[in-house]
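Trainee: Take this structure first; my questions come after.
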Amino acid sequence: LLERKTHIKISRKEILLAKMRKSCSFTPKKLKNFVMDFFPVLRWLPKYQCKEYIWGDVMSGLVIGIILVPQAIAYSLLAGLKPIYSLYTSFFANIIYFLMGTSRHVSVGIFSLISLMVGQVVDRELLLAGFDLNDDVSPAPGDGSLQNDTQLNTTTFNFTAAGLNIECGKECYAIGIATALTFVAGVYQVLMGIFRLGFVSMYLSESVLDGFATGASLTILTAQVKYLIGIKIPRSQGHGMLVITWINIFQNISQANLCDVITSAICIVVLVTAKELGDRYKHKLKFPLPTELVVIVVATLVSHYGKLNEVYASSVSGAIPTGFIPPKVPHFNLMLRVAVDALPLAIVSFVFTVSLSEMCAKKYAYTIRANQEMFAVGFCNIIPSFFHSFATSAALAKTLVKTSTGCQTQVSGVISAMVVLLVLLFLAPLFYSLQKCVLACIIIVSLRGALRKFRDVPARYHTNKVDTLVWVITVSASALISTEIGLLVGIIFSMLCIIVRTQRPRAALLGQIQDTNFYEDDNEYENLSSVPKVKIFRFEAPLYYANRNYFLKSLHRLTNLDPNLEAARRKKYNKEKQHPKKGDHATANGLGIRETTLQLVPKQIDFQALVLDCSSISFLDTTGVNTLKEILKDYKDFNISVLLACCNPSVIDSLKRGGYFGKDFGSMKEMLFYSIHNAVQFAKDQK
């Protein structure tokens, strides 16, 4: 046997105390490191190579800013909020991530999936408060200032804040819900960072995330159809929203606005064509075509001078105020209402940000700190929630654009924020006449990547059938029930798949590869030779309480011997032999006792040793240890030795603690082997 190293055991109490002393100690150097770790910009900005980086950062920042403005205005439809709040969100998220993020390339800001999750909570709370979701009051065009934007939904809602009763209209209440939800989600993310709970993201597999994004994309697409064709239908809430919405669409299809339909068709053709050309010739283009901005500018001019709202009753964005609204603390009472909804929002936001950060870090050969990313995203939600913003996350499409346009650092994020600031201060009122159907077209075309996942289903199925099933289940639950339920269903189902795979794993008898010391599955490979009088059994999973019965059934089936059943049969036979019925001979079938005994054993038991290949058994629980002890005892009754091979150290320790080798481990050398071949040779040498 190999000699095990002696590990010095340190009590967990001492380790905990040492960590606490280290954490609680205070020195100027430690304070400096803490501040610089919390604000990574203090480390890399002084080393910024201006001549080398500035051009790429400025170009990518301008391009992202140009893309960000129309997307922010469009995604406000998903969130059920006014466009100004989307612009606030995009501005503050870029600034805060610049200070706190560790990824050089990720674009953090408004994201369609997060906007949808926010919008679903906002719509639900508006309904519960008695507001009409379809009461779209178009404010009269004015100078676009915040002071003149005073029109509210006709319903008001009273709630208590700081001991005062506050009367709130629809828009006020909607942004109050959104900021409360965002604040709580940010607090969750910061707490997850403090307690180092980033491992939660490990339970969101790629299949679950892809399925969740695709299912949510179907929901987003469905929600935008009414704007595409200009019909007014009730905004569905709760489970089955997708089906109910489509039913309402087909019931009201005759009311479609011809102007909106024509505009949508033209915009989709232009956007898709430009995207396809951009993808085909991206190696020749220095930066992506700003198609969304061009479409919005042209559509706004046509709508304004053609008076599409007045003549054809086409729905428009309405007045977007300029400047900043004074900061406001999110209402605590509203936080309590949305505390549960904030948890999936926090997890999804963090997972998308970290996965994109890791993707960029791997591609460009640098490292990120996942825990700091959680803090960065958390404060990208907490701080902006005081400034009438809603939840943010990293966005894949904008991140890819960023990397393709020469981005080097998060200075590009500051440039993008400046572009948004320019719109906030001066240009926002110019979008008054912009049709909502144009914004819906921008949203739908941006979903191309997620919807294209359906084309990958055959290849995904060919690669892994279980992962494909997880993807299909997650897509179906996210689209047909709700996004949050879909995420939960996807996580639970993927974990159940793992449990089922360990409950019913592959089990096989092994044969020897000719002229070698190696052994493989006899059912999978040709020209393997069986070892006389020896059975070699492999179980490809941990042995624990959930798969104990399957382990035993597989062992009995493959070795063609169930010791308990055989022992019971022999016991019954011996009983009948000793007490024969009247008219029967003293020995069965007229044979002698010795002949009868020989007839019971040889044809069924054709081996003298059972070798268990434990190379695939990663751990044993108490049930697993007891199962092996039972096998040892049961087979010993038939003079069959049980030998263990290729056990890892943790399995050996479990067996020792469970008393498998006896009290003094004296028989360990005859029961445990470090290779299958050694165990086989030992079995052959036995009498």
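Trainee: Do any of K282/K363; K9/K32; K232/K307 go past 23 Å between their Cα atoms, and which?
Mentor: K9/K32
Trainee: Further question: Where in the chain are the DSSP H helices whose alpha-carbon span along the long axis reaches 27 Å or more and whose Kyte-Doolittle mean is at least 0.0? If you can, show how the numbers build up before the last one.
Mentor: Working: long enough: 50-79 (41 Å, 1.26); 170-194 (36 Å, 1.28); 206-229 (35 Å, 0.86); 258-280 (33 Å, 1.25); 332-363 (44 Å, 1.22); 483-503 (30 Å, 1.67).
Passing helices, by number: 50-79, 170-194, 206-229, 258-280, 332-363, 483-503.
Trainee: Also: What accessible area, in Å² to the nearest ten, does a 1.4 Å probe give for D637?
Mentor: Its accessible surface works out to 110 Å², give or take rounding.
Trainee: Testing the spin-label approximation: label points 7 Å from Cα along Cα→Cβ at L191 and K453. State their distance in nm.
Mentor: 2.9 nm
Trainee: Could you please report the charge total around S433, scoring K, R as +1 and D, E as -1 over all other residues with beta-carbon less than 12 angstrom from its beta-carbon?
Mentor: Values: positive: K307, K436; negative: E310.
Around S433, the charge tally is +1.
Trainee: Sticking with this structure for a sec: Accessible area of the range 424-522 with a 1.4 Å probe: how many percent of it is carbon plus sulfur? Let's see the in-between values first.
Mentor: Numbers: 3230 of 4950 Å².
Reported share for carbon and sulfur atoms: 65 percent.
Trainee: What does the charge count near Y48 come to, summing +1 for each Lys or Arg and -1 for each Asp or Glu among other residues with Cβ under 13 Å from its Cβ? The partial results should precede the final answer.
Mentor: Numbers: positive: R43, K47, K51, R104; negative: E52, D57.
So the environment of Y48 carries a net charge of +2.
Trainee: Got a sec? What order do Y461, Y305 fall in by accessible area at 1.4 Å, biggest, i.e. largest, first? Display every interim value, and only then the final one.
Mentor: Details: Y461 120, Y305 175 Å².
Largest accessible area first, the residues go Y305, Y461.
Trainee: Rounded to the nearest whole Å², what accessible area per residue is found for the range 274-340 with the 1.4 Å probe? Present the calculation step by step, with values, prior to reporting the outcome.
Mentor: On the way: 4290 Å² over 67 residues.
For the range 274-340, the per-residue accessible area is 64 Å².
Trainee: Is the shape of the range 175-233 best called rounded, prolate or oblate, per the rule: a/c under 1.5 gives rounded, else a/b larger than b/c gives prolate, else oblate, with a ≥ b ≥ c the square roots of the Cα gyration tensor eigenvalues?
Mentor: Details: a/c = 6.80, a/b = 1.57, b/c = 4.32.
Taking the square roots of the gyration eigenvalues as a ≥ b ≥ c, the range 175-233 is oblate.
Trainee: Related question: Would you tell me the accessible area of Y364, worked out with a 1.4 angstrom probe on the heavy atoms of the protein chains, in Å² to the nearest 10?
Mentor: Spelled out: Y364, probe radius 1.4 Å, area about 90 Å².
Trainee: Taking the full set of protein chains and a 1.4 angstrom probe, give the accessible area of R337 in square angstrom, rounded to the nearest 10.
Mentor: 110 Å²
Trainee: Let me ask something else about it. Treating cross-link reach as a plain straight distance, find the aspartates and glutamates whose alpha-carbon is under 12 Å from the alpha-carbon of K553, omitting any fewer than eight places away in the same chain.
Mentor: Of all the aspartates and glutamates, those that pass the test against K553 - Cα under 12 Å, at least 8 places apart if same chain - are D562.
Trainee: A further question on this structure: Test of understanding: express the Cα radius of gyration of the chain as a ratio to 2.2 N^0.38 Å, with N the residue count.
Mentor: Values: Rg = 34.2 Å, N = 687, 2.2 N^0.38 = 26.3 Å.
Ratio of Rg to 2.2 N^0.38 Å for the chain: 1.30.
Trainee: Between rounded, prolate and oblate, where does the range 264-382 land on the alpha carbon gyration tensor, with a ≥ b ≥ c its root eigenvalues, rounded for a/c under 1.5, else prolate if a/b exceeds b/c?
Mentor: Since a/c reaches 1.5 but b/c is at least a/b, the shape of the range 264-382 is classed as oblate.
Trainee: Let me ask something else. Write down the percent of antiparallel bridges among all DSSP beta bridges whose residues are both part of the chain, to the nearest 5.
Mentor: Values: 16 of 31 bridges.
Among the beta bridges of the chain, antiparallel pairing accounts for roughly 50 percent.
Trainee: Please report, in cubic angstrom per residue, the volume enclosed by the convex hull of the alpha-carbon atoms of the range 363-416. Intermediate values should be presented prior to the final figure.
Mentor: Details: hull volume 5.6 nm³, N = 54.
Taking only Cα atoms, the range 363-416 has a hull volume of 104 Å³ per residue.
The values are calculated or read from the model by the stated rules, or taken from the named source; none is laboratory data. Here the structure is a predicted model, which is why all the values come from computation and not from measurement. Please note: Cβ atoms are built from the backbone with ideal geometry, for glycine as well, and neighbour counts cover all protein chains shown. Keep in mind that these areas ignore ligands, DNA and RNA; they rest on the heavy atoms of the full protein, side chains included. Shrake-Rupley method; radii C 1.70, N 1.55, O 1.52, S 1.80 Å.
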